[in-house]
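A.B. asks: Next up is a structure, given as structure tokens.
Please treat every number below as a calculation from the coordinates, not as lab data. In this text, all values refer to a predicted model and were calculated from it rather than measured experimentally. FYI the Cβ positions are ideal-geometry reconstructions off the backbone, even for glycines, and counts take in every protein chain you see.
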Amino acid sequence: MKPTPFVLMLVAGAFAMAQSPPPFEGTESDTFQISVNVELVVLQASVRDRDGRTVPDLRAEDFEVLEDGTSQRVRLFRHEDTPVTVGLVIDHSRSMSDKLGDVIAAAQAFVKSSNPSDQMFVVNFNETVSSGLPRKTPFSDNANQLAAAIWGAPAIGMTALNDAIIEALRRLEEGVSDKKVLVVISDGGDNASKANLDRVLKLTQQSNAVIYTIGVFSPDDPDQNPQVLRRLARESGGEAFFPGQLTDTVQICERIAHDIRNQYTIGYTSTHEKRDGAYRKIRLNVQGNRKVTVRTRAGYRTDAGSTPGKNAARK
């Protein structure tokens, strides 16, 4: 079978590891995956103490990885601020018309708080899905340009959240960074997508993207669906936020940027048999007496033929 989307190319000296495996080489396939001799499941992990502060001083041996309850050996360990490919997925349905100003301010704050070498793009959606940046500019690190990409789409019509996330997962694979992130700002409702939520979740489980969601809606909004936003974040190892006031989105986006820049990257080679369609549950613990909270993806799916790359996301 083809490698999963959690595969990385390792070369000698590329990563700081608890114990370095033999060097090997790989080649990129037509679905943006990297073929290598050893397949790694790669996790992005956020660790916070009881006061909500990031924990910066953990070592590879401090982590315990369980896949379907079975302990796994950590083969890759890295804790450094590396560039990320980020998609800003912004709801432009009619209910967002009076909220876009605050959303744009939050997006600008996110860009300014992120790694200067990050690749970012914008996916706008109402009942249709569109790219915010010009076709000749697939990515940008300019806060004003990205803000203009959001502001340029009208807030009208219905909501195609599922289709927008699938398109954003596809676009992530065009970036050069191994680390992928989506920041989704929406009420969580969907009344116009061609794809259903099950397909979105399946593609999310096959992707290594971390999804952060920000629920922006009023208490009486009939289209709100915070459960969907929570589930997307939980499955991918991200976090769901529900600001009490629109102005809080600026601080939330700054926190998300800080979280991304302080994550641990942990890789292991699964001891389980590789079977298409299998879903593997993941649990990541910090060993010892440290009172910390660890957040990473809930699991991954081993389907080889439906990855959110160039072909699968367009089915």
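A.B. asks: In region 184-235, if every C-alpha pair distance is counted and binned at 10 Å from zero, what percent goes to each bin?
C.D. replies: Percent of Cα pairs in each bin: 25, 54, 20, 2.
A.B. asks: Using the Cα centre of region 155-221 as the reference point, and only Cβ charges (+1 on K/R, -1 on D/E), how large is the resulting charge dipole? Debye, rounded to the nearest 20.
C.D. replies: Using Cβ point charges on Lys, Arg, Asp and Glu, region 155-221 gives about 300 debye.
A.B. asks: For region 89-236, what number results from the quotient of the Cα radius of gyration and 2.2 N^0.38 Å?
C.D. replies: 0.96
A.B. asks: Now for a separate question. Label region 213-306 by shape, choosing from rounded, prolate and oblate, from the square roots a ≥ b ≥ c of the eigenvalues of the Cα gyration tensor; if a/c is under 1.5 it is rounded, and otherwise prolate applies when a/b is larger than b/c, oblate when it is not.
C.D. replies: oblate
A.B. asks: Please give the FRET efficiency for Asn191 paired with Gln145, using the beta carbon to beta carbon distance and R0 = 22 Å, rounded to the nearest 0.05.
C.D. replies: FRET efficiency, Asn191 to Gln145: 0.10.
A.B. asks: Here is a further query. Quick one: net charge around Thr247, please, counting Lys, Arg +1 and Asp, Glu -1 for every other residue with C-beta under 13 Å from its C-beta.
C.D. replies: Net local charge, Thr247 excluded: -2.
A.B. asks: Given the Cα atoms of region 41-167, and with Rh set as the inverse mean 1/r over their pairs in the Kirkwood sense, what is Rg to Rh to two decimals?
C.D. replies: 1.08
A.B. asks: In terms of Cα to Cα distance under 15 Å, which aspartates and glutamates are near enough to Lys136, apart from those fewer than 8 places away along the same chain?
C.D. replies: Here the aspartates and glutamates satisfying the reach criterion relative to Lys136 are Glu174.
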